[in-house]
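The values are calculated or read from the model by the stated rules, or taken from the named source; none is laboratory data. Source: prediction; values computed, not measured. FYI the Cβ positions are ideal-geometry reconstructions off the backbone, even for glycines, and counts take in every protein chain you see.
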Amino acid sequence: MTFTETALAGAWLIDIARIEDERGFFARTFLPEELTSRGLDPTLAQCNIAFNRHKGTIRGLHFQHAPFDETKIIRCTRGAVCDVILDLRPASPTFLQWVAVELTADNHRMLYVPTGVAHGYQTLTDQAETSYHVSARYSAAHAAGVRWNDPAFAIDWPLGEPTVISARDREWPDFDERIWSSERASVVR
């Protein structure tokens, strides 16, 4: 596997190393020692699949508060998505910056997302599917998000307005750095 650090601190693109022959190819997609050798969290607590019927669907931007904060490794297993990560770690040198990466079933690329970074994507094809390896179990009480079109972040989604988005993702309140910092310092509600 080949690891390439993104512009967000601690977030990495992971490309597979294909071993090809007349049948096709074989590649490893998860080696804990490859992650730990780079100081990344290899914990695997849950695996998820998200299927999206329509091109232009937006899911996210999601994260979980401690103690259920999570690292994620995301891969597109069908179709294509524009995957977006947003740094919400106040002490990070890339706080409030975002990065977009195209993940497709054909490029087999994965994205490692560290804790404290929100994650979402817009589907670039109909019938798009993603797979997630997550370091913590889902906890509804600790689940949170920021709005896909919040002006505080000015994310440039490739297809603009979503064709499909959940009410929850559409209605996250405007981000306020002062409130955010005080909430992060307090105990999760």
Verdict on PHE25 being surrounded by 11 or more Cβ atoms within 10 Å (Cβ to Cβ), over 25 Å from GLY116 (Cβ atoms), touching a Lys or Arg at 6+ places or on another chain (Cβ under 8 Å) and not basic (Lys, Arg)
yes
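Each row is one residue, and each column tells you yes or no for (1) out of contact with any Asp or Glu (no Cβ under 9 Å at 6 or more places or on another chain); (2) surrounded by 12 or more Cβ atoms within 10 Å (Cβ to Cβ); (3) over 24 Å from ALA152 (Cβ atoms); (4) at pLDDT below 95.
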position	(1), (2), (3), (4)
GLU5	yes, yes, yes, no
ILE14	no, yes, yes, no
PRO32	yes, yes, yes, yes
LEU35	no, yes, yes, yes
HIS54	no, yes, yes, no
Strands (runs of 3 or more DSSP E) enclosed by the range 1-97 - at least 1 residues per element that are closer than 26 Å to ALA141 by Cα
46-52, 58-64, 72-78, 80-87
Mind checking which residues of the range 155-179 are among the hydrophobic types (A, V, I, L, M, F, W, C), exposed (fewer than 13 other Cβ atoms within 10 Å of the Cβ) and at pLDDT 95 or above?
ALA167
Might you check whether a residue that is without any contact (Cβ under 8 Å) to a residue 12 or more places away in the chain and in a loop (DSSP other than H, G, I, E, B) occurs anywhere in the range 121-128?
no
With the structure loaded, tell me whether ASP126 is in contact with a His (Cβ under 7 Å, 6 or more places away or on another chain) and surrounded by fewer than 16 Cβ atoms within 10 Å (Cβ to Cβ) or whether it fails that test.
yes
Among (1) in contact (Cβ under 8 Å) with a residue 12 or more places away in the chain; (2) surrounded by fewer than 19 Cβ atoms within 10 Å (Cβ to Cβ), where does PRO114 come up short?
(2)
Among (1) touching a helix residue (DSSP H, G or I) at 6+ places or on another chain (Cβ under 8 Å); (2) among the hydrophobic types (A, V, I, L, M, F, W, C); (3) surrounded by 14 or more Cβ atoms within 10 Å (Cβ to Cβ) - the single one LEU40 does not satisfy:
(1)
Working carefully through the options ASP126, ASP83, find the one that is of a type in the set (D, E, K, R) and in contact with a Leu (Cβ under 6 Å, 6 or more places away or on another chain).
ASP83
Find the residue count for the range 14-47, including only residues that are among the small types (Gly, Ala, Ser), touching a residue at least 12 places away in the same chain (Cβ under 8 Å) and farther than 15 Å from SER131 by Cα.
2
ARG137 is checked against (1) of a type in the set (Lys, Arg); (2) touching a helix residue (DSSP H, G or I) at 6+ places or on another chain (Cβ under 8 Å); (3) surrounded by fewer than 16 Cβ atoms within 10 Å (Cβ to Cβ) and fails just one. What number does that condition carry?
(2)
Here are the criteria: (1) modelled with pLDDT under 95; (2) in a loop (DSSP other than H, G, I, E, B). Tell me which single one ALA144 does not satisfy.
(2)
